[in-house]
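Take a look at the structure below.
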């Protein structure tokens with residue numbers, strides 16, 4: 001992890017097919033607005049503060065391009081990420097069936113990172129349920145299979161956005177507590193662990 | 001003689017000769033761009049991409065041929081067609097449904113049938129992604145807006161240079177366009193229908209239209225294809241009263257005072273836009289009639305839209321608060337505001353045009369097909385040619401933009417090709433080139449960015465691959481592209497320009513931290529004009545040439 005990235009307590013990365021609402025979710029989270037943005041090429045960076053129980057944290061958010069062409073390029077954005085939000089559009093079956101492409105990316109992320117599967121555009125369902133192409137159960141099942149958390153949200157109305165953010169924060173805090181314990185344990189076996197860690201790093205690069 | 005006038009004359013001199021001296025033209029364009037007021041830009045871009053031959057006497061023929069070719073592409077490959085936001089959404093939903101059901105059926109099939117089926121799914125997916133991307137291209141620009149809902153079917157605007165306004169033929173044409181709605185019928189059936197209609201059309205048209213062509217041309221210039229025939233007649237009546245020459249004078253004279261709700265202003269359209277239409281009382285009566293007619297025809301249509309516009313404005317206002325710099329009024333756009341043509345634009349469907357440019361390009365170039373971002377590259381061409389009143393070419397903006405876009409893509413398709421990413425022409429290598437220029441030119445800034453560990457990919461990849469088209473407002477993009485296109489070793493100057501961008505904001509970047517710097521680079525400040533940035537890039541460019 002580079003020095004500047006270390007300033008951020010958690011690196012969050014958004015993944016998902018084109019036009020499922022990644023940038024919209026980021027805008028909702030960071031600015032509280034809803035608009036229809038131009039498509040993302042490459043990846044864009046933003047940050048948001050999270051008020052924990054004891055202290056305030058800053059999370060960095062990387063919003064990636066959804067198209068396959070950017071897959072190989074955006075894989076390096078996944079490095080060191082501690083939280084992956086994988087999005088699909090509940091009114092677009094395709095965005096759901098393509099999800100495995102993004103779960104495959106988790107190999108580039110941190111080992112202890114957590115994944116949240118998110119169905120977007122819930123507001124469209126409220127008008128007519130006809131539009132729903134992926135049922136709540138299917139979403140839950142998928143999340144269960146992939147050992148991840150699950151939400152259905154609407155960036156337009158703000159539905160479940162706060163809950164999502166709280167969950168991200170909670171999971172982060174739990175994770176860091178675990179890490180602390182682990183870290184202490186690690187220190188006891190300092191020599192062995194540091195050796196294996198170094199080896200791992202070499203293999204990665 | 002003013003400096004501007006002098007410059008326009010220099011362009012005039014080159015363009016007036018029968019055989020165009022492309023080298024001098026490139027030089028002249030490269031340093032300083034094409035003056036907006038000259039109206040030469042669209043010709044020059046067409047020349048730079050070899051869409052127009054250098055021999056002037058071949059122009060008319062070439063244009064006719066190529067526009068014809070484009071119509072044939074459209075017939076052969078099918079088009080994306082919708083007339084309103086509602087129809088667009090319906091089409092999207094329909095495509096989604098068909099893709100789903102086709103996929104479900106796919107498993108039952110085998111062999112030849114299966115591959116054909118797969119191809120069809122791929123084609124539908126292509127259409128869908130293009131529509132989805134095009135609808136979010138330059139959303140704040142009225143040029144790319146379409147009506148929310150269309151009560152009647154709009155006859156497709158007469159694109160084919162060979163087909164006149166003959167009502168009989170228009171009917172067949174309309175049928176044809178209707179039948180071309182791709183997803184309603186199977187592809188084979190469509191082919192049969194198209195073949196039938198093309199045969200009919202070509203036979204009929206050959207004899208009838210050639211004589212009429214010339215007469216109709218004048219009408220077509222001012223012809224406003226309305227939804228409502230009544231309105232069309234009204235407006236036509238007024239237009240007929242005025243000779244086309246006079247009308248042109250009026251258009252030119254009043255460009256500045258008339259602001260159409262659909263006109264291309266960079267400011268968000270104000271809710272009081274109808275007020276803007278209220279004209280100067282000093283205008284003469286002809287003008288009055290003309291504009292009033294258009295006004296009424298617009299008024300009816302805008303009532304629905306006003307509500308939507310208002311909602312939009314709210315959003316835009318919010319956006320403005322955030323990006324005060326992004327939305328700035330730029331005077332030179334005023335040239336595009338043209339009451340007659342704008343009333344036409346209002347009904348013209350540039351969104352569909354953009355879809356079809358991309359769709360046909362993707363179908364003809366299977367290696368690359370469509371990649372996100374191409375929409376941003378095609379849009380300025382369509383915008384420029386769609387506002388090309390001086391040469392009355394705006395009717396054929398779609399075809400013209402298609403060929404220029406194709407020729408441009410021929411030179412930069414490696415930006416979009418994943419398989420060459422790791423080679424020396426791949427996008428990552430180009431990012432490196434820009435980074436090296438920055439390193440040599442402004443080592444302090446480079447060092448700073450480097451110490452922050454901001455990788456050049458984070459910002460310049462987007463700038464290079466999309467030729468800065470997402471970075472600035474449309475007029476600025478067009479001005480920058482003048483110099484990029486007229487570059488003797490095309491797109492070498494692009495690297496210097498991209499390197500100049502961070503340097504232009506070095507005072508802001510140097511004291512900033514990781515987040516601030518990356519935010520600045522990814523949301524580039526809009527307070528410098530295109531000319532200032534290009535000037536800076538020239539200085540760097542010239543240093544490196546020595």
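Rule-based calculations on the coordinates, nothing more; no lab input. These figures come from a predicted structure and were not determined experimentally. All Cβ positions, glycine included, derive from the backbone under ideal geometry; neighbour counts span all protein chains shown.
Take peptide A:72-79, look around each residue's Cβ out to 10 angstrom, count Cβ atoms belonging to other protein chains, and average those counts. The partial results should precede the final answer.
Working: counts 5, 6, 1, 0, 2, 3, 0, 0.
Taking all residues of A:72-79 together, the mean is 2.
From Cα pairs below 8 angstrom and at least 6 apart in sequence, can you work out the relative contact order of the range B:349-415, rounded to a whole percent?
Relative contact order here is 31 percent.
So what's the angle, to the nearest 10 degrees on a 0 to 90 scale, between helix A:161-188 and the longest Cα principal axis of chain A?
Taking the Cα atoms of chain A, the angle to A:161-188 is about 10 degrees.
In terms of the Cα gyration tensor, with a ≥ b ≥ c the square roots of its eigenvalues, is the range A:112-156 rounded because a/c is under 1.5, prolate because a/b exceeds b/c, or oblate?
Here the range A:112-156 falls in the oblate category.
Compute the normalised compactness of the range B:1-141: alpha-carbon radius of gyration over 2.2 N^0.38 Å, N being the residue count.
1.62
Hey, quick one: spin label on residue B:107, modelled 7 Å out along Cα-Cβ, who in the range A:124-155 has an amide N within reach, i.e. under 11 Å?
Flagged as within label range: none.
Roughly what would the spin-label model give for residue B:411 and residue B:62, points 7 Å off Cα along C-beta, in nm?
1.5
Please report B:368, B:60 as a ranked list, fewest other C-beta atoms within 10 angstrom at the top and most at the bottom.
If I rank by nearby Cβ atoms, fewest first, I get B:60, B:368.
Can you sort B:434, B:79, B:420, A:20 by how many other beta carbons sit within 10 Å, fewest first?
So the residues, fewest neighbours to most, are B:420, B:79, B:434, A:20.
First measure r as the distance between the Cβ atoms of residue B:492 and residue B:18, then evaluate 1/(1 + (r/R0)^6) with R0 = 22 Å and state the FRET efficiency to the nearest 0.05.
Working from the Cβ atoms, E equals 0.10.
If you take the square roots of the eigenvalues of the alpha-carbon gyration tensor of the range A:31-83 and sort them as a ≥ b ≥ c, do you get rounded (a/c under 1.5), prolate (a/b over b/c) or oblate?
Oblate.
What ranking of B:354, B:445, B:467 emerges when the number of other C-beta atoms within 10 Å of each C-beta is taken as an exposure proxy, fewest first?
With the sparsest Cβ surroundings first, the list reads B:445, B:467, B:354.
Would you please give the FRET efficiency between residue B:37 and residue B:364, computed as 1/(1 + (r/R0)^6) with r the Cβ-Cβ distance and R0 = 51 Å, to the nearest 0.05?
After rounding, the FRET efficiency stands at 0.90.
How many nm is it between the label spots at residue A:100 and residue A:58, if each spot is 7 Å from the Cα in line with the beta carbon?
4.1
Could you identify which residue out of A:17, A:72, A:176 has the top mean-square fluctuation in a GNM of chain A using Cα springs shorter than 10 Å?
A:72
Just for the Cα atoms in the range B:415-456, what are the lengths along the principal axes, largest first, rounded to whole Å?
34, 18, 12
Using the Cα gyration tensor of the range B:391-442, with a ≥ b ≥ c the square roots of its eigenvalues, what is the shape: rounded (a/c below 1.5), prolate (a/b larger than b/c) or oblate (neither)?
Cα axes put the range B:391-442 in the oblate bin.
How much FRET efficiency would the formula 1/(1 + (r/R0)^6) give for residue A:162 and residue B:392, where r is the Cβ-Cβ distance and R0 is 51 Å, rounded to 0.05?
0.35
I want to check the label-to-label distance for residue B:1 and residue A:123. Put each point 7 Å from Cα in the C-beta direction and report it in nm to one decimal.
So the two model labels end up 5.8 nm from each other.
Provide, as a two-decimal number, the C-alpha radius of gyration of the range B:56-106 over 2.2 N^0.38 Å, N being how many residues it has.
1.83
Over chain A, with a Gaussian network built from C-alpha contacts below 10 Å, which listed residue (A:179, A:80, A:27) shows the highest mean-square fluctuation?
Checking each option, the largest mean-square fluctuation is seen for A:179.
Report the normalised scattering of the range A:1-101 as log10 I(q)/I(0) at q = 0.10 Å⁻¹, calculated by the Debye formula with identical scatterers on the alpha carbons.
-0.28
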